[in-house]
Amino acid sequence: MQRPSPTSPLLSQPGAVPAEGRDEGVAAHYGDPFREQRALEGGSGLVDLSHRGVVTVTGDDRLTWLHLLLTQHVSELPPGRAADALILSANGHIEHALYLVDDGTTVWAHVEPGTREALIAYLESMRFFYRVEVADRTDEYAVVHLPAGSIAEVPDGAVVRETPHGRELFLPRADLEAYAASHGPLAGILAYEALRVEAHRPRLGFETDHRTIPHEIGLIGQAVHLQKGCYRGQETVARVHNLGKPPRRLVFLHLDGSEVHLPPHGAPVRLAADGPEGRQLGFVTTAVRHHELGPIALALVKRNVPVDAPLVVGTGTAAAQETVVEP
């Protein structure tokens, strides 16, 4: 059984409402999700991601070894440069997503809650004669997100991962509460997820299922390097890339704002012309409320669904689609 991440001390902050499901252990919000979204968009605030797993790889062979296992080109990854990478099954299906950075002596990666133990078990099984050490650092380090434009200082002892969407800090867990107190306002996971969906960024376990391949959710180039050597699942990646025909594609949905409830993960997607009893052509992966756009969602649909076709989700919520992955 997966050992849970430590519960965040920031759940004791005024107004904190605990998140549920995959994001259990951190705050869903601190009283006003829309205000928290606006703060993040304005470059202020801090998001507690301390429920995510933290895994490190040390040793002289760490980059060349990871290069053989990951979809990303990391054999010459410079210190301080962030990289996204996947581990695929033999059939090319996504099994793990790693968000990593090398600090010159150690590769740091944060991963989805509930996945770190399976990831570590796989990495340990592939060590062979390589000079590497894999460690679970979740009890020692917490991940926090600072939005793009933030001028918050990085404390001593933290490792920084710079991304287009902001900075991710691997922060000593013992320092989390004090750092948050001096670098607020706090924003919950609902605000973070709303901006993620707006940016069309897929998340493992939300936009993926047991048969998702990278092409379907737009990860070619971002997390999959097409000009590197062999890795598990590469044959599927190359074949689908050359044929240009992934079976499904990620879409962005504007949902009817008159509905009280958001469609849950897995809610069916159908053509509006067929009605709520029509043939299912996909499913909702993440639905959120955005402070400007209203209710929005990401969904996986069959590749041949017309890009301009009006859709319905769930029991009949109207949805207008925008293309994320071209058919």
- [ ] With a point put 7 Å past each Cα toward its Cβ, work out how far residue 12 is from residue 136 in nm, to one decimal.
- [x] 2.5
TODO: For the range 211-220, just list the computed ³J(HN,Hα) in residue order, Karplus coefficients 6.51, -1.76 and 1.60, θ = phi - 60°, integers in Hz, with x standing in for Gly and Pro.
DONE: 10, 6, 10, x, 4, 5, 10, x, 9, 5
- [ ] Using 0.36 nm per residue of separation minus the Cα-Cα distance, give me the extension gain between residue 89 and residue 323 in nm, one decimal.
- [x] 81.5 nm
Open item on the list: If I take R0 = 22 Å and measure r between the Cβ atoms of residue 105 and residue 76 in this structure, what FRET efficiency does the formula 1/(1 + (r/R0)^6) give, to the nearest 0.05?
Closed with: 0.90
Task: Percent of alpha-carbon pairs separated by more than 20 Å within the range 53-136 - done: 23
Task: For the range 277-282, Karplus couplings with θ = phi - 60° (6.51, -1.76, 1.60), whole Hz, Gly/Pro x - done: 9, x, 5, 6, 10, x
- [ ] Return a whole-number percent for the relative contact order of the chain, with Cα pairs under 8 Å and 6 or more residues apart as the contact set.
- [x] 18
Task: the chain, accessible area per residue, ligands and nucleic acids excluded (1.4 Å, Å²) - done: 44
TODO: Would you mind computing Rg(Cα) / (2.2 N^0.38 Å) for the range 247-326, counting N as its residues?
DONE: 0.96
Open item on the list: Could you give the length gained by full extension between residue 307 and residue 261, i.e. 0.36 nm per residue of separation minus their alpha carbon distance, to one decimal place?
Closed with: 14.0 nm
Task: MRE, 222 nm, helices only [DSSP H, n ≥ 4, -39500 (n - 2.57), over the chain, to nearest 500] - done: -4500 deg cm²/dmol
Open item on the list: Please check: in the Gaussian network model of the chain (C-alpha springs, under 10 Å), which one of 310, 164, 155 has the largest mean-square fluctuation.
Closed with: 164
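The values are calculated or read from the model by the stated rules, or taken from the named source; none is laboratory data. Every value quoted in this text rests on a predicted model; they were computed, and no experiment measured them. Cβ atoms come from the backbone with ideal geometry, glycine included; neighbour counts cover every protein chain shown. In case anyone asks, the SASA skips ligands and DNA or RNA and just uses the protein heavy atoms, side chains included. Shrake-Rupley method; radii C 1.70, N 1.55, O 1.52, S 1.80 Å.
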